[in-house]
Amino acid sequence: MSIFSNGVEKLPIPQISKPEQQPFIDLVDKILAAKKAGQDTRAWEQQIDTLVYALYDLTPEEIAIVESQAKPAAANG
């Protein structure tokens, strides 16, 4: 089996405990169930974004950069 490198292995991935993972798991479960029912999940997705920003200790300026870069991708997908 061959895996091609695209730089993803260089991303810093924080190691968090099972209890720290639980809010992410709960939100993902809610999102999946809501999407199956055709419901809007943007509020929960924003909560996940906020958790990730905290996990990486992003500043408000860094968050603004991330969100400005994510908007064009979200509009296309």
- Checked against (1) open to solvent by less than 100 Å² (accessible area, probe 1.4 Å); (2) within 23 Å of Q69 (Cα to Cα); (3) not in a helix (DSSP H, G or I), Q47 satisfies every condition except (3)
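Condition check ((1) of a type in the set (D, E); (2) over 13 Å from the mean Cα position of the chain (by Cα); (3) open to solvent by less than 60 Å² (accessible area, probe 1.4 Å)) across all residues:
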| site | (1), (2), (3) |
| --- | --- |
| K10 | no, yes, no |
| I13 | no, no, no |
| I16 | no, yes, yes |
| P19 | no, yes, no |
| F24 | no, no, yes |
| D29 | yes, yes, no |
| L32 | no, yes, no |
| A43 | no, no, no |
| V52 | no, no, yes |
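The values are calculated or read from the model by the stated rules, or taken from the named source; none is laboratory data. Values in this document were obtained by computation on a predicted structure and should not be read as measured data. Side chains included, ligands, DNA and RNA excluded: accessible areas come from the protein's heavy atoms. Shrake-Rupley method; radii C 1.70, N 1.55, O 1.52, S 1.80 Å.
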